[in-house]
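What follows is calculated from the coordinates using simple rules that are stated; it is not laboratory data. What you see is a predicted model, and the numbers here were worked out from it, not measured in a lab. Reconstructed Cβ throughout: ideal geometry from the backbone, glycine too, with neighbour counts over all protein chains shown.
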Amino acid sequence: MNMSRRRFLGGATVWIAAAIAFLVRPMRLLASSTKLQWFDLGLLDKMPEGEAVIVHKAKRVGHNTPVRIDALIVRRTGTEVRILSATCTHQGCDVIKKSDGKFLCPCHGAAFGENGEVLKGPATAPLVPVEFKIEDGHLLANWKK
Ligand code: FES
């Protein structure tokens, strides 16, 4: 191998290492931005009684990326609380609430009951329960950051 070729390969190696380092850092930031964290949904007493409601939250999905809206379904019956992800289990669209209390996925037409059970495909799995806790009267959901 002559000297100019060796010098070229050495320089290329440095540039490739710099490019990998440049790409890995944002990927790490993005991965850390999807960790779960407790999110305050507000006072439990203010949640509608006996009715499932959709709660939205804006979230930033990465450095210099647009804010995205996430949604949860919250149902309070007396002191009982149930929180479900509003993300359809088929391919990830957010469901919307219908006037009859059911949840419909606008993407491919799946339907879910108030407890997240599948009423109509193509989804085959129920809406996913979300962990929660109550602190000082506030309802906190363990939600993706
Ligand atoms: S993403 Fe909901 S039915 Fe396909």
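Below, the figures for the structure above:
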quantity: FRET efficiency estimate (nearest 0.05) - Cβ-Cβ, Q91 to W38, R0 30 angstrom; calculated: 0.60
quantity: Cα gyration tensor category, rounded, prolate or oblate, for segment 65-117 with a/c compared to 1.5; calculated: oblate
quantity: E49 versus E131: modelled label distance in nm, points set 7 Å from Cα along the beta carbon direction; calculated: 3.1 nm
